[in-house]
Each structure stands twice: as structure tokens, then as C-alpha cells.
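Chemist: So that we are looking at the same thing, I have put the structure below in C-alpha cells.
The values are calculated or read from the model by the stated rules, or taken from the named source; none is laboratory data. In this text the structure is predicted, and so the values were computed from the model without any measurement. Counting neighbours? That spans all protein chains shown, and the Cβs are built from the backbone with ideal geometry, glycine included.
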2 protein chains.
Amino acid sequence: MSSTAPPPSSLPHRVPDLGAMVLLIAVARHGSLGRAAREVGISQPAASGRIRSMERQLGVALLDRSPRGSRLTDAGALVTDWARRVVEAAEAFDAGAQALRDRRDSRLRVAASMTIAEYLLPGWLIALRAGRPGTAVSLLAGNSAAVALRLMAGEADLGFVEGLSIPEGLDGTVIAHDRLVVVVAPAHPWARRDRLTPGELAATPLILREHGSGTRQVLDAALAVHGGLARPLLELSSTTAVKGAAESGAGPCVLSELALGEELSARRLVTVPVAGVRLRRQLRAVWPAGHRPTGPARDLLSLTAREPGES
Amino acid sequence: MSSTAPPPSSLPHRVPDLGAMVLLIAVARHGSLGRAAREVGISQPAASGRIRSMERQLGVALLDRSPRGSRLTDAGALVTDWARRVVEAAEAFDAGAQALRDRRDSRLRVAASMTIAEYLLPGWLIALRAGRPGTAVSLLAGNSAAVALRLMAGEADLGFVEGLSIPEGLDGTVIAHDRLVVVVAPAHPWARRDRLTPGELAATPLILREHGSGTRQVLDAALAVHGGLARPLLELSSTTAVKGAAESGAGPCVLSELALGEELSARRLVTVPVAGVRLRRQLRAVWPAGHRPTGPARDLLSLTAREPGES
DNA sequence: TGAGGTCATAGGCTGGGCTTATGTCCAGCA
DNA sequence: TGCTGGACATAAGCCCAGCCTATGACCTCA
């Protein structure tokens, strides 16, 4: 989604579907088309054909077939690993969607801020599912006030918020930190800067999320000390839109570190350090004061709890 | 792929296909089903039906339809962002696969080590495509020696290797560092350790990639000073298999930081610092001595080149 | 040489997803 | 008030991708 290009031969036509990727991964694991077919619940000829058509589509041989089984070619190994990344993203999607579906009456009802629901929660749910398979989780996403409300009303068992303080009436614990970072396209002059002064940041129009987002609040608070609020160059409604605008060189933007994995390692965006501004915010698990989480809520909490040796 | 579970109702059945995700993202961008349909090249009723069936599948309303257009619901916004992650992974897949396909005769022929080809290159190619749309890239993955060979033989224009030194006959520049980290499942005793001594690491059987992998070499070299080579508990052939084994509690493993994004933030795995061991390795771009890259090779190189303000 | 594993090929069926044509609703404008 | 245009929904029909079963070819090992 880095461009608004009208896709002549669009992505889905150039990429095998999820089923094919899952199948390929299964073949890699089992070393056999037939066994992989059984695992994913299709017949051996179907698997054979499916892999074959994937090879045609990609123009690369993926498997060395032999009468004793099938092994990945070098290219196949690479493709399989890329496929795994796609499948992992799909699993996160599934975990999140599943939590979203079970609107009420689930055993564990979680209320979380947007950023946490978006970036962290699906991973936690996958982990939770691995450890406690049966647990049904429902998810409600909203801002800190909404999360607090749900908890106080007994409509959620565990909450996650980002921000500077714990909402009234709740107890909580810090589970992680999130850093806001200033990023620009590699071609932007700031990409060469050793560091920025807070004054410069406050004086420069930035690409931002719309007013009211958590990111925006933290940024405003941090800059208040140094010459006023952040000045918007563009106000966009989704994180991805912000990234896209920054990538295409529209200007600098400020985003949560959590949102920037791929873009940074591909150097589609680069970070610009800012001297002496506190752009860290705490991510907290919260619950009604006095009611320490128990049962599945405790399980989830312990999954997320920060421990000494941190990355 | 974190488990070997036999999928009763498998992932692809629970997750919409790529086309649907792309469509949803387009709807989010345009605020209109019809316009989104046009963008992805299908008819308006097809788009309508497709989104509807996605809502049925997920059990969540994604769109607020009105006679003046469609806006995402809150749940829809979340789902769209998760979908974007899947689509981004698919784009990386596509970029990699495309490079793999154009075996010979491409304008820019890249030879890269496995780790770089797997984790970094697709992102670079997406960025390159954004900046220099027409560039056809071909990719050849292999170990350092193979990369050197290709470059010397004139069969590749630019190479990427990981390791301690530049192969004979090549010039190069460091473009990034890769840290190897020791990770364990959160339940593992080491997860509580403040830090490990190198001796402990050398004395403990680890889950490792098979002999000959770059990761393995660096680890062996680092541990050689402290009581010998790494001792394998399991030797597995893919990074993901190693992660899976570690997650399920089989033991500690050592992996490149690049391979561990999701697992760490979800705390499915946690890192264990090791005192006084040099587990950094350099990632380098290389080319035949004296032949500085030009043209598209230079473009790609400048995309990857490290600059002062690093994250 | 036969048994048991592998993968490939062939033929026939089914259904999901597409298109076109049409209906309904709403807003804005005369 | 009634017309127009844009939005989405519904209906009917078509088509092809992908599946299954059945079978064949090949290799290995006893």
C-alpha cells in the first residue's frame, strides 16, 4: 500500500493464495507432497497440482521431486520463508478477528487502546492460544476513557491503555514502553541530520494522525515545553496513510515505533533522533482497583508482563 | 506455524483471501465500495458481495453503508490494519519472488546471503520499485563464497554478505549490523536470568540451525574463546523450525535479531543477554574490487547505505 | 519380483466469484 | 415536489479454478 497505483495486474494475481502458502510450508515440513496434502486436508493430486501451478505462477521450481519425497530447492526455501511471513500475518489477523467476533459472553473480555489492539494484541492471543487452547477472548477497542468505562462497568476483565497515567479507579502495571520516533524518507534533508532540536521539531509542519489520537497527545505534551504544539502539515486518519505520505517524501512524521518495523529495516523510512524530548510512553495493563486479575485474565497478563531481561 | 496442529477448520477457511483484503483496504481509502471496486478492477456488485461475505465470515460488521458511501466501523478499522499487515507481507513475497523469477538477463543482478535475501531484500526491492519503477532485478541466494564467485564471474552486479570479513577480490561497505540473540520461551528458567555467562551458553545444548549456516559460524566463533563450540540440542533446517521448537519450550536457541520481530513483541520468546560475547556480525554490500557499482546497482546500494542517524 | 512409498495424469463435478441488469434509497436542486 | 445522480443491494446466469477419484509410472527395499 505504499502507492495509490492502479494495479494493472494486481497483487492477488501475482501471489499464490494463502492455502497454497500453507500447503508449501507443510510440504517443507514433511518432505512429502502426499503427507502435506493429508495435513491440510486435501488429496495428493490436488496438492501436486497446486504446487505446480504455484511454480508456474512464480516461474521458479520450488521442489525437487523424487520418488522418495520432495525437498525444497534453494529458491523454494526462500519462497517458503516469505510465505511463512505472510501466513504469520494471516494468523495474527485471524487471532484478532476471532477476538473481535465473540462480542460478548466470552470467557475473557479484553478492552484495549487502538495501538495495542492493532499491534500487540494479536501476537498475545496467538501465544495465549498456544498455552491455553480453549480460552475464548473477546476484544473491545477504544481510547483510554472507553477502556476504563468498560472495566468499571464490569464489561471487560482486563484492559490495556497507553498514556501517562492510570485512569481513576483502576490499578495497573506497566507492561512495555512505546517510543514515538520522528521518521522521514531517506531523501529528506533530515535523514542526514545527526540530531534535531525540539525547537526545530515544534517549528516544522509534520504529517500526523488526526487530533485525539494517543500518538498526537503524547507528541503535543512533549513539545509543549519547547515552543508549543506540533504543527500539522497533513492530518491523516490511519497510521498507514501517514507512513505512505512520509515515504513519498511529503514531509517528516511522528509515529509509534510499533508501527515501523518493516519500513525501517527496508530503509523506506529513516529515524531522526531528537535531543532532549521525552517521546516515550508507557503501555499498561489495567483492571478495577483492588480486583487483581484471575483465571484467563491472569494468564494473558503474565504473557505480557515485563521481565528483567528486556530486548 | 508455531504448532504442528492438524487444522480441523484450517486457517485459509477462517481468513479472507488476499483479494478481499486488498479490496477492504481500497474501500477504507476511498470511502466508497464502488470506487474501490473500480480500483481493483471488479464490478461494484462483486465488491459489495465480497465485503459482505467477509463480514459473514468474520462475524463482524466492517462497514457503515450509507447512500453516500461507506465508512469503516471501529472493528473495520482494526481489521483493515491487520489486513494491511498481511498485504504488506504479500507484497514482500511478491517482490522477492519477482526477483527470483528473472533468473538471468535482468538489468540488475543481485547475489545475497540467505539471511539478507530472506529478511532484508524484499523490503529493499519494494523501496527500489517505488523509486525506480522500471528496474528488473534478479536474485541469487547462496553463502558468502557463492556470492563472491558470482561477482567475480560477472554474473552478478551487486552482492550482500554477512560475516566477519570481505571475501578476497571484493570491495564492500558495511550497511547494517545483525545481532545474534539468545532467546527462550517465557517459561524457561533463563527467562528470569539477568544475564548469562558465555561459559553457561557454551555448556548448554542449544537449538540451532544446521552446521554451515552463517548464524552457526558466528556463534561458534564467538564461543570458541569461552570453552568450545556451541553444543546442539536439536539441529533444524529452517529458522522458523528453530523458533517453533524454542517457543514450545524445547530449550534455548540462538537466532538473528532479524528473524525475531513478532515473537519478541508478543513475548512468545524472550531474549537473554549474554555478558561479554561478541554476537554482532556485519552485513555488507560487496562488489568486485575497483568496480564501484553504477546505475541500478548504485540505486539499490544507496537505498541500503547506512547513514548517521540510525535506529 | 512384489509391496509400498513417491509423484503425475486424466476426467468429471461443484461452487465461488464474476458480470450485467435492475431495484431502492437518499441528497441536492430547481 | 419531483427529477437526477450517486451510493449500495439483489437477481440471474456463466465460467473457470480447484477438488476428487481412479489410475499410471517410477523408485527402493526386502
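Chemist: Could you give every pair whose Cβ atoms fall below 9 Å, whose first residue belongs to region B:37-52 and is within 12 Å of chain A (Cβ to nearest Cβ) and closer than 19 Å to A:Leu11 by Cα, and whose second residue is in a helix (DSSP H, G or I) and within 9 Å of DNA strand D (Cβ to nearest atom), counting only separations of at least 6 or pairs across chains?
Modeler: Pairs found: B:Arg38/B:His30; B:Arg38/B:Gln44; B:Arg38/B:Ala47; B:Glu39/B:His30; B:Val40/B:Ala47; B:Arg50/B:Ala37.
Chemist: Can you report the number of residues in region B:57-79 which are without any contact (Cβ under 8 Å) to a residue 12 or more places away in the chain and more than 19 Å from B:Ala37 (Cβ to Cβ)?
Modeler: Total meeting the criteria: 3.
Chemist: Which of the helices (runs of 4 or more DSSP H) contained wholly in region A:1-102 include at least 3 residues that are more than 16 Å from DNA strand D (Cβ to nearest atom)?
Modeler: In region A:1-102, the matching helices (runs of 4 or more DSSP H) lie at A:18-30, A:74-101.
Chemist: Would you point out the residue of region A:286-303, among those that are in contact (Cβ under 8 Å) with a residue 40 or more places away in the chain and within 14 Å of chain B (Cβ to nearest Cβ), that is surrounded by the most Cβ atoms within 10 Å (Cβ to Cβ)?
Modeler: By that ranking, first place goes to A:Leu300.
Chemist: I need every pair where a residue in region A:184-210 that is more than 14 Å from A:Lys243 (Cα to Cα) and within 13 Å of another protein chain (Cβ to nearest Cβ) has its Cβ under 9 Å from the Cβ of a residue that is among the hydroxyl-bearing types (Ser, Thr, Tyr) and part of a loop (DSSP other than H, G, I, E, B), sequence separation at least 6 or different chains.
Modeler: Listed by first residue and then by second, the contacts come to A:Trp190/A:Thr204; A:Leu196/A:Thr204.
Chemist: Would you point out which residue out of B:Arg281, B:Arg298, B:Arg216 is charged (D, E, K, R) and within 16 Å of B:His177 (Cβ to Cβ)?
Modeler: That would be B:Arg281, the only listed residue that is charged (D, E, K, R) and within 16 Å of B:His177 (Cβ to Cβ).
Chemist: Could you look through region A:76-92, keep only residues that are within 16 Å of DNA strand C (Cβ to nearest atom) and touching a helix residue (DSSP H, G or I) at 6+ places or on another chain (Cβ under 6 Å), and pick out the one that is nearest to A:Ala20 (Cα to Cα)?
Modeler: The residue in question is A:Thr80.
Chemist: Ok, one more. Inspect all residues belonging to region B:180-195 and state whether any of them is over 30 Å from B:Pro232 (Cα atoms) and not hydrophobic (A, V, I, L, M, F, W, C).
Modeler: No, that holds for no residue.
Chemist: Only residues that are crowded, with 21+ Cβ neighbours inside 10 Å, more than 14 Å from A:Val79 (Cβ to Cβ) and within 11 Å of chain A (Cβ to nearest Cβ): list them for region B:87-112, please.
Modeler: Within region B:87-112, B:Val87, B:Glu88, B:Glu91, B:Ala112 meet the criteria.
Chemist: Which residue pairs have Cβ atoms under 7 Å apart, sit 6 or more places apart or on different chains, and have a first residue in region A:14-27 that is at the interface with chain B (Cβ under 8 Å from one of its Cβ atoms) and of a type outside the set (A, V, I, L, M) and a second that is within 11 Å of DNA strand C (Cβ to nearest atom) and not in a helix (DSSP H, G or I)?
Modeler: Filtered contacts from region A:14-27: A:Asp17/B:Asp17.
Chemist: Can you tell me which residue is farthest from the chain's Cα centre (by Cα) among those in region A:113-146 that are closer than 14 Å to A:Leu301 by Cα, assigned to a helix (DSSP H, G or I) and more than 7 Å from chain B (Cβ to nearest Cβ)?
Modeler: So, considering only residues that are closer than 14 Å to A:Leu301 by Cα, assigned to a helix (DSSP H, G or I) and more than 7 Å from chain B (Cβ to nearest Cβ), the one farthest from the chain's Cα centre (by Cα) is A:Gly131.
Chemist: Out of the residues in region B:226-263 that are away from chain A (no Cβ under 13 Å) and in contact (Cβ under 8 Å) with a residue 40 or more places away in the chain, which is nearest to the chain's Cα centre (by Cα)?
Modeler: Looking at the filtered set, the residue picked out is B:Val254.
Chemist: So, one more: Return only the number of the condition from (1) acidic (Asp, Glu); (2) at pLDDT below 85; (3) more than 26 Å from the chain's Cα centre (by Cα) that B:Glu210 does not satisfy.
Modeler: Exception for B:Glu210: condition (3).
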